[in-house]
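Input: a single structure, listed below in C-alpha cells.
Coordinate-derived values only; no laboratory data. Worth saying up front: this structure is predicted, and the values here are computed from it rather than measured. Because the Cβ atoms are built from the backbone with ideal geometry, glycine has one as well, and the counts that use them run over all protein chains shown.
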Amino acid sequence: MEFEPEVPRWRQVYEVLRARIDDGTYPPGSRVPSIVQVAEEFGIANATAQKVLRALKDEGLTYTEPGLGSSVRKP
C-alpha cells in the first residue's frame, strides 16, 4: 500500500479495514486480522497496528475476546 504523506498511516489502514468490514470481506462475527497480521500486511509498526485495531473497537465495529482476538460486531 502506498501511503499518502498528509494523512496519518494508522488512519489510512483504519479506513481500509473499515471498508473491508462495510463491504463484507470481514462479515459480522468473523475475526479481523491480529496486530501482527495487520503490521505485516501494511508494513507498519505493531504499535501502529494496535492503534488501528483500537480505533475499530472504539468505533464499535469490533469487540475483543480474551485469548481469541478481535471480531466484527454484529449490527
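Dipole check for the range 13-75: with +1 at the C-beta of Lys and Arg, -1 at the C-beta of Asp and Glu, and the Cα centre as origin, the magnitude is about 180 Debye. Think of the chain as a dipole: +1 on every Lys or Arg Cβ, -1 on every Asp or Glu Cβ, centred on the Cα centre; then among I44, P5, S70, S70 lies furthest on the positive end.
Extending 7 Å from Cα along the Cβ direction at A45 and again at S30 yields two label points whose distance is 3.1 nm.
Considering only T62, T25, T48, the mean-square fluctuation computed in a Gaussian network model of the chain, springs between alpha carbons under 10 angstrom, is largest for T25. Here the extension length gained between D58 and F3 equals 17.5 nm, from 0.36 nm per residue of separation less the Cα-Cα distance. Using every pair of distinct Cα positions in the chain, the Kirkwood expression returns a hydrodynamic radius of 12.4 angstrom. As a proxy for reagent exposure, E2, E65 were ordered by neighbouring Cβ count within 10 angstrom, fewest first; the result is E2, E65.
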